[in-house]
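The values are calculated or read from the model by the stated rules, or taken from the named source; none is laboratory data. Quick caveat: nothing in here was measured; it's all calculated off a predicted structure. When we count neighbours, we look across all protein chains shown, and the Cβ atoms used for this are built from the backbone with ideal geometry, even at glycine. Accessible surface is based on the protein model in full, side chains and every heavy atom, while ligands, DNA and RNA are left aside. Shrake-Rupley method; radii C 1.70, N 1.55, O 1.52, S 1.80 Å.
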Amino acid sequence: MPERPARHTLAWLSAHAGWRADVAAQEPRLAAWFAQGLPAMVARCAVDDRDPRLRLGVPLPPSEGKLRLALRVAPHEVRRLQPPPALEEVVASGVPDDWRSALQAMQRLAPARVFGAFAWQHLSGLPYVHPRSDIDLLWQIRAAGQADALVERLQDWERTHARRVDGELCLADGGAVNWREYAGCSREVLVKRVDGAALEARDRLFIANGVAA
């Protein structure tokens with residue numbers, strides 16, 4: 001497995017993995033979660049974090065207070081890694097009726113992967129989505145022109161469907177930028193990576209690909 005999987009990557013742990021919760025009182029709930037065969041999600045570490053273990057998170061549903069359980073595990077104790085589910089997969093598995101047409105329209109904008117409430121409801125079968133839920137998506141972006149076109153389509157989608165979409169434009173080098181922040185006029189944007197976050201020049205986000213426009 002890669003030494004530092006990307007943020008939002010799903011991680012299934014080995015049956016007897018020696019993970020440790022950040023809050024000891026949360027370990028019984030995490031143990032029950034993993035006993036059901038459910039994954040955790042790779043989370044971002046602080047820039048100065050020298051712990052070699054992976055930082056993972058498990059967000060609980062609204063019925064359990066939407067608590068976010070954090071834990072650490074050695075990389076070799078991860079049995080399987082997988083990207084978040086594709087939007088098409090989530091829609092096909094069943095979404096609330098009042099979201100269906102909006103998400104079908106979203107599928108036509110660009111390939112996307114799902115995290116947040118819709119992803120965890122899809123993965124666990126637990127009720128995460130509620131009337132005030134947003135849809136959280138990830139898009140792979142390789143050029144500024146592609147990002148600009150997608151942002152314009154997302155803004156139009158929100159106006160048309162009266163729904164909110166949150167999410168990130170995922171860069172080729174592993175960084176990610178919030179799409180709303182990118183849509184603004186700031187010369188710098190916050191780029192999140194698995195090992196921290198920092199402000200970076202907007203006009204250099206796609207230089208690594210050799211394509212800036």
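Being of a type in the set (Phe, Trp, Tyr) and either within 30 Å of TRP19 (Cα to Cα) or assigned to a helix (DSSP H, G or I) (or both): is that true of TRP139 here?
No, not satisfied.
Checking ARG132 against (1) assigned to a strand (DSSP E or B); (2) open to solvent by 70 Å² or more (accessible area, probe 1.4 Å): exactly one of these is not met. Which one?
With respect to (1) assigned to a strand (DSSP E or B); (2) open to solvent by 70 Å² or more (accessible area, probe 1.4 Å), ARG132 is out only on (1).
Against the definition (in contact with a Phe, Trp or Tyr (Cβ under 8 Å, 6 or more places away or on another chain), of a type outside the set (A, V, I, L, M) and exposed (fewer than 15 other Cβ atoms within 10 Å of the Cβ)), how does ARG100 come out, yes or no?
When the stated conditions are applied, ARG100 does not pass them.
Being of a type in the set (S, T, N, Q) and either open to solvent by less than 50 Å² (accessible area, probe 1.4 Å) or farther than 21 Å from GLY175 by Cα (or both), is that true of even one residue in the stretch 147-159?
So in the stretch 147-159, the residues of a type in the set (S, T, N, Q) come out as 155.
The next check asks that each one be either open to solvent by less than 50 Å² (accessible area, probe 1.4 Å) or farther than 21 Å from GLY175 by Cα (or both); those that pass are 155.
Within the stretch 147-159, one or more residues are of a type in the set (S, T, N, Q) and either open to solvent by less than 50 Å² (accessible area, probe 1.4 Å) or farther than 21 Å from GLY175 by Cα (or both).
I need a count of the residues in the stretch 46-71 that are more than 22 Å from ALA117 (Cα to Cα) and in contact with a strand residue (DSSP E or B) (Cβ under 9 Å, 6 or more places away or on another chain).
Counting residues in the stretch 46-71 that are more than 22 Å from ALA117 (Cα to Cα) and in contact with a strand residue (DSSP E or B) (Cβ under 9 Å, 6 or more places away or on another chain) gives 7.
When the stretch 45-66 is examined, which residues are found to be open to solvent by 50 Å² or more (accessible area, probe 1.4 Å) and of a type outside the set (Lys, Arg)?
ALA46, VAL47, ASP48, PRO52, PRO62, SER63, GLU64, GLY65
With respect to ALA17, determine if the residue is closer than 22 Å to VAL194 by Cβ, open to solvent by less than 50 Å² (accessible area, probe 1.4 Å) and under 20 Å from the mean Cα position of the chain (by Cα).
no
Given the criteria touching a helix residue (DSSP H, G or I) at 6+ places or on another chain (Cβ under 8 Å) and over 18 Å from PRO84 (Cβ atoms), does ARG132 qualify?
Judged against the criteria, ARG132 is not a match.
Would you confirm whether any residue within the stretch 63-72 is in contact with a Ser or Thr (Cβ under 6 Å, 6 or more places away or on another chain) and in a strand (DSSP E or B)?
Looking through the stretch 63-72, none of the residues is in contact with a Ser or Thr (Cβ under 6 Å, 6 or more places away or on another chain) and in a strand (DSSP E or B).
Would you check which residues across the stretch 67-96 are in contact with a helix residue (DSSP H, G or I) (Cβ under 9 Å, 6 or more places away or on another chain), under 27 Å from ALA197 (Cα atoms) and open to solvent by 40 Å² or more (accessible area, probe 1.4 Å) and list them?
The one that is in contact with a helix residue (DSSP H, G or I) (Cβ under 9 Å, 6 or more places away or on another chain), under 27 Å from ALA197 (Cα atoms) and open to solvent by 40 Å² or more (accessible area, probe 1.4 Å): LEU67.
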